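J.: Input: one structure, supplied below.
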Amino acid sequence: MGDYSEHLRAAILAGVVLAGIAGYVLYSREYSVQMVSVGSAVMFGLVVVLGIAPDIDVSSSIPRRYLGYVLVGSLPAGALYMVYTDPSIAVSVGEQVLALVGLGDVPPVVIGCGVLVVGAVGLAKSAGYGLDELSTHRGLLHSVYFWAVLGIVAAGAGHLYLDLPRVIAAVIVVASVAGPAVHIKVVDRM
């Protein structure tokens, strides 16, 4: 059983090796330099992140703290981006809150934006508690199959809904197996 630094070192080493292999394969198949670079970067980044990710099931772990920072930063930012791109959502929420509370002189978009951001922060802060309730250490999150299925779903959704190139989706699937395998099979020897 490795500690955080052992998992991180192994994940970085595997990420460098697999990014090189991915870059070589993409280059030999005559993809553009941009696609080779993106494929290598995605492979490296995902292998490193997923090489330490199985330990998010421990409330005191370093990956869990990082997950908390990412959630607290990204969920409110996502809510603000949603309000920026489609203010009708915030207006609708704001109108409902104003009707419930009875305030009439505050713009609904301001109230709706506040409710969405506060809700996003609350969701981010409560995610760790939900994770503790749903998983035990060395349980579901310490399974390569779990991460592989998650990678397949993410790659498929990215390809179908975000026009992710097929080759990058394939890189995501490979990385979603390789990163957790380094953590679980190589370092922890489970």
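J.: How would you order 180-188, 45-53 from highest to lowest mean count of nearby Cβ atoms within 10 Å?
T.: My ranking of the peptides, most packed first, is 45-53, 180-188.
J.: Given a 10 angstrom Cα cut-off, can you work out which residue in Gly78, Gly151, Gly104 is the most mobile in a GNM of the chain?
T.: For the chain, modelled as a Gaussian network with Cα springs under 10 Å, the answer is Gly104.
J.: For the chain, what % of the accessible area comes from carbon and sulfur atoms, probe 1.4 Å?
T.: With neighbouring chains kept in place, the figure for the chain is 70 percent.
J.: Now for a different question. If you count only protein heavy atoms with a 1.4 Å probe, what accessible area per residue comes out for the chain, rounded to a whole Å²?
T.: In whole numbers, the chain has 59 Å² accessible per residue.
J.: Between Asp86, Asp105, Asp163, where does the largest GNM mean-square fluctuation fall for the chain, given springs only between Cα atoms within less than 10 Å?
T.: Maximum among the listed residues: Asp105.
J.: Of Met1, Met43, Met82, which has the most accessible area with a 1.4 Å probe, and how do the rest follow in descending order?
T.: So, going from the largest accessible area down, we get Met1, Met82, Met43.
J.: Determine the calculated [θ] at 222 nm for the chain from helices alone, applying -39500 (n - 2.57) to every DSSP H run no shorter than 4 residues and normalising by the residue count; nearest 500 deg cm²/dmol.
T.: Estimated from H runs of four or more residues: -26500 deg cm²/dmol.
J.: Here's another thing I want to ask about it. Classify the chain: rounded, prolate or oblate, from the alpha-carbon gyration tensor (a ≥ b ≥ c, eigenvalue square roots; a/c under 1.5 rounded; otherwise prolate if a/b is larger than b/c)?
T.: Here the chain falls in the oblate category.
J.: Another question about this same structure. Rounded if a/c is under 1.5, else prolate if a/b beats b/c, else oblate: with a ≥ b ≥ c from the C-alpha gyration tensor eigenvalues square-rooted, which is the stretch 61-138?
T.: prolate
The values are calculated or read from the model by the stated rules, or taken from the named source; none is laboratory data. These numbers were taken from a predicted model, which means no experiment stands behind them. Note that we place each Cβ from the backbone using ideal geometry, even for glycine, and neighbour counts take in every protein chain shown. Surface areas here come from the heavy atoms of the whole protein model, side chains and all, with no ligands, DNA or RNA. Shrake-Rupley method; radii C 1.70, N 1.55, O 1.52, S 1.80 Å.
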